[in-house]
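Report on the structure given below.
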Amino acid sequence: MNMCAFAIASSGKRCVLENNKNARGETSFTCKTSEVVVERLSGYLETDQCVNACGLHREFTGQSSDAFISSEFAAHLCSPACYQNCPNIVDLFLNLAAGEGVSLPSLCQNQKENHRAMLTILSNGSPVGSPLAAPAPASL
């Protein structure tokens with residue numbers, strides 16, 4: 001069960017972890033296949049390395065674009081460790097984003113630009129990586 005999220009069945013359909021609550025309020029999980037077909041990765045189990053690099057967890061339920069609301073999630077998804085090395089996860093969220101009218105490449109570009117802008121602000125407007133002058137010692 002713990003390998004369901006981000007897996008692809010041998011049929012090529014994405015696996016989805018769904019949660020259900022019973023009458024006592026206890027949550028149970030069920031692994032199901034969705035109707036979403038992935039062409040090139042049938043029978044694929046996502047690595048823990050990619051799940052971690054992309055800021056996800058194995059208990060991720062459903063297939064939803066809600067995660068895009070979090071700038072922290074977008075930063076993980078757009079990081080080189082995830083975006084360049086985890087094509088299954090990137091493909092999933094690329095399609096989820098497109099379904100919401102969002103371009104994942106544009107979202108990631110904005111993430112990079114916002115990060116650079118924040119570094120510039122934090123460096124008092126100096127280009128990132130430029131040396132900063134130390135204040136002169138106070139005279140006694």
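The values are calculated or read from the model by the stated rules, or taken from the named source; none is laboratory data. Model, not experiment: these values are computed from the prediction. Because the Cβ atoms are built from the backbone with ideal geometry, glycine has one as well, and the counts that use them run over all protein chains shown.
I'd like to know if the stretch 57-72 contains one or more residues that are modelled with pLDDT of 90 or more, of a type outside the set (V, I, T), over 13 Å from L107 (Cα atoms) and not in a loop (DSSP other than H, G, I, E, B). So far as the stretch 57-72 goes, no, none of its residues is modelled with pLDDT of 90 or more, of a type outside the set (V, I, T), over 13 Å from L107 (Cα atoms) and not in a loop (DSSP other than H, G, I, E, B). Between A81, A75, A136, the distinction of being modelled with pLDDT under 85 and either out of contact with any Asp or Glu (no Cβ under 9 Å at 6 or more places or on another chain) or of a type in the set (V, I, T) (or both) belongs to A136 only.
Answer with yes or no whether E72 is surrounded by fewer than 17 Cβ atoms within 10 Å (Cβ to Cβ), charged (D, E, K, R), out of contact with any strand residue (DSSP E or B) (no Cβ under 7 Å at 6 or more places or on another chain) and within 30 Å of E113 (Cβ to Cβ). The answer is yes for E72. Tallying residues that are over 15 Å from L92 (Cα atoms) and part of a strand (DSSP E or B) within the stretch 21-44 yields 7. Taking A7, is it exposed (fewer than 12 other Cβ atoms within 10 Å of the Cβ) and either touching a Leu at 6+ places or on another chain (Cβ under 9 Å) or aliphatic (A, V, I, L, M) (or both)? Considered against the rule, which asks whether it is exposed (fewer than 12 other Cβ atoms within 10 Å of the Cβ) and either touching a Leu at 6+ places or on another chain (Cβ under 9 Å) or aliphatic (A, V, I, L, M) (or both), A7 comes out as no.
Under 22 Å from A97 (Cα atoms) and either in a helix (DSSP H, G or I) or under 15 Å from the mean Cα position of the chain (by Cα) (or both): does that describe C4? The answer is no for C4.
Contact annotation: residue pairs with Cβ atoms under 9 Å, 6 or more positions apart or on different chains, pairing a residue in the stretch 42-54 that is under 14 Å from N85 (Cα atoms) and touching a residue at least 12 places away in the same chain (Cβ under 8 Å) with a partner that is outside any helix (DSSP H, G or I) and of a type in the set (G, A, S), are E46/A5; E46/A7; V51/A5; A53/S79; C54/S79. Considered as a group, the residues in the stretch 21-49 that are surrounded by 10 or more Cβ atoms within 10 Å (Cβ to Cβ) and polar (S, T, N, Q) include one that is modelled with the lowest pLDDT, and that residue is S42.
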